[in-house]
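The values are calculated or read from the model by the stated rules, or taken from the named source; none is laboratory data. No experiment lies behind these values; they were computed from the predicted model shown. Every residue, glycine as well, gets a Cβ built from its backbone with ideal geometry; the counts of neighbours run over all protein chains shown. Accessible surface is based on the protein model in full, side chains and every heavy atom, while ligands, DNA and RNA are left aside. Shrake-Rupley method; radii C 1.70, N 1.55, O 1.52, S 1.80 Å.
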Amino acid sequence: AGADIRLGLSQGVPYRLFTLDGPPRLVLDFPEVDWTGLKSDELLSGAQITSVKFGTYVPGWSRMVLALSGPMAVEAAALAVDPVTSAAVLDISLAPSDAEDFARVSGAPHDARWDLPVPQALDIVPQRDENAPLLVVLDPGHGGIDPGAEAAGGIMEKDLMLQFALELGEVLVRSGQFAVQVTRDGDYFVSLERRTALAHQAGADLFISLHADSLTQGHAQGTTVYTLSAEATDAASASLAERHDRADLLSGTDLSHTDDKVTGVMLDLARQETQPRSIALAQALVAGLQAQGGPLNRKPQRSAGFSVLKSADIPSVLVEIGFLSSDRDLANLQNPAWRRQTAAAMLKGLIDWRIRDDAQRALVRQ
């Protein structure tokens, strides 16, 4: 038997849906949804949907996962929006499917409306000598249908971070020590998986994601630098193996034909070397920002399970440049002189990190 799903929303929002196998699941993704007061046992009736989970799976994005009693195909999906109240109803019809067809169509989609086109791979990855510029991939958070945080007057995180990423990139390139690529150079959506995949396809030496959050409760301000938390590393390897094209998981290594266990071991081995380098990178950036006077958050170095930090072999940090909910931080982010000063401080941190990293890696090789 199939199943019918009806979900009421307070307003119409972009959504996407796809299925995952092993076990069969239907996944619904939305920009931030408030699940407050919703209870999973109140949502279910009938035996075709055996359980439902929902929550925020990365900042700014919400996910609902419905466990299916067996393989089912999406037969129809429609979002109806009330023209008066703007309330919306999402209706989804599932029809029985066989296991082979279900497995063939399952997996997170690469949809041109939600994502960038697949980059063209280079036939030959150029070799760089030890004095060549390091390739830094800068990742301005959000974009397109995902605006991120918003301040009064329509000031959006996605626009501020793109502006800062391009200005920081220019400062890094002018130093002669770094080459730069960005995960987006305009106002369009880039999925979290694509951001890290782009870094691997470019052969990145470093990955820096840039954000400026907003808090509705409490009062936070100043810059914070995040690395992947220790407790998130095992889950990160499992998530990468499930959600990414395995050719993009480790630079120079195609894991397409390895099973989950071997893939997990390979990722964990790479992470043992990369994680200390990421932590040292965060320390160096914090030191560079402290030297120029901040302002830094009262706890400037933290760890979390952000998806964009999960690359196993690329040192990665997420920098919350400030908080749009702080008047001081918002004024700083709109001040060209402050942005230049902050970019120069991050350059100093990156240069100091590179010197120490080169020295430590030379010792390891000996």
*Output the residues belonging to region 327-344 that are surrounded by 14 or more Cβ atoms within 10 Å (Cβ to Cβ) and without any contact (Cβ under 8 Å) to a residue 60 or more places away in the chain.*
Asn332, Trp338, Gln341
*Tally time: how many residues in region 49-88 are outside any strand (DSSP E or B) and open to solvent by 50 Å² or more (accessible area, probe 1.4 Å)?*
7
*asked:* Under 8 Å between Cβ atoms, which residue pairs at least 6 apart in sequence (or on different chains) link something in region 10-26 that is farther than 12 Å from Ala99 by Cα and open to solvent by 30 Å² or more (accessible area, probe 1.4 Å) with a partner that is of a type in the set (Ser, Thr, Tyr) and part of a loop (DSSP other than H, G, I, E, B)?
replied: Ser10/Ser86; Gln11/Ser86; Gly12/Ser86
_From the list Asp98, Asp34, Asp41, Asp91, exactly one residue is exposed (fewer than 14 other Cβ atoms within 10 Å of the Cβ) and at pLDDT below 75. Which is it?_
Asp41
*asked:* Out of everything in region 144-162 that is modelled with pLDDT under 90 and not in a loop (DSSP other than H, G, I, E, B), what residue ends up being surrounded by the fewest Cβ atoms within 10 Å (Cβ to Cβ)?
replied: Glu150
_Where the second residue is aromatic (Phe, Trp, Tyr) and the first is farther than 14 Å from Thr196 by Cα and lies in region 295-308, which pairs have Cβ atoms under 6 Å and are six or more apart or on separate chains?_
Arg302/Tyr226; Ala304/Tyr226
*asked:* Consider region 295-310. How many of its residues are under 17 Å from Ala220 (Cα atoms) and modelled with pLDDT under 85?
replied: 2
